[in-house]
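Some notes on the structure that comes next.
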Amino acid sequence: MFKKSFNLIFYLFVAAFFLVAGYNFIFAAVAPPTVVLSGDDLSQNGGTDDAYDALVILDITTGQANPSTWDIQYSNNAGQSWSNVVANYETIANNRRKYYFSTSKIYAPTLLVRVRAQETGLEWSNYTQVSLSLAHRATNHGAHYFVESFNDTAFMGAGSYIDWDTAQARVELGDNPPNYHPNGTIQSTNLLAGAGNGNVLSVAFQPVQYPFGRTLEYQVSNDGVNWYGDLSGQPTQNTWFSFPLQIVPDAITVPFNGSVGTGLYF
């Protein structure tokens, strides 16, 4: 295959040389992007083979100064087929983005990710491919972790003025033309429904939040009635966790000392 490709390029080059005498043409391929892969890294080993790694961060820098199209795909079958990555991203510069991608519901002993980019009027870059070893297979209540990636409505509960956007895998303030609603709330249903577990004594949670033009606050509960918004271990109806200016804050562990329950709600 390499030899055939080389010969084809060689023939085209010779033809161009004879048709336009006196000019040499050198065609350079567009440089592929650079991709730095990281995760929430509960095992403190770089996030590349963490059994509970559900959040993957793709830090992508393109060779073009102002790419207009970003093509980011993943494969869970050794590259036989590819699916588009649906994830929120943070713009660092015109040619650099950080994508926050949940892998919680993907079965893949080895997950492949490939990235390319295109600037308007120019050709596509080559692909850059990276891989991630996933020890988990799917969201697993029995293994004591759960990820709500918002890509389905299975645990969508009551809410006001907030959209549960499964297409973009996020929750966001609802439209109120010409802008958005100034505030809103959303509540989950029981994340442990059907798990058959005993009393939930504590929970460690870690949100992913962006952009910073809004105030984001959180409470968690083990019964859907008593809500916890600090680390005191007691219900605090009017107190909320908040992580200003942090896209991915450190996980915190909340003890449920003031209520008995077998559920988990946010």
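Taken together, the values in this text are just the output of simple stated rules run on the coordinates, not laboratory data. All values reported here derive from a predicted model rather than from experimental measurement. A quick note on method: Cβ atoms are made from the backbone with ideal geometry, for glycine too, and the neighbour counts reach across all protein chains shown.
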So, with points 7 Å from each Cα along the Cβ direction, the Glu217-Ser160 label distance in nm works out to 1.4
By counting other Cβ atoms within 10 Å of each Cβ, how are Val86, Val254 ranked from fewest to most?
-> Val86, Val254
Would you mind calculating the gained length between Thr253 and Thr120 on full extension (0.36 nm times residue separation, minus the Cα-Cα distance), in nm to one decimal?
-> 43.2 nm
Given 152-158, 193-199, the highest-first ranking by average Cβ count within 10 Å works out to 152-158, 193-199
Packing-ranked peptide list from 110-119, 257-266, highest mean Cβ count within 10 angstrom first, is 110-119, 257-266
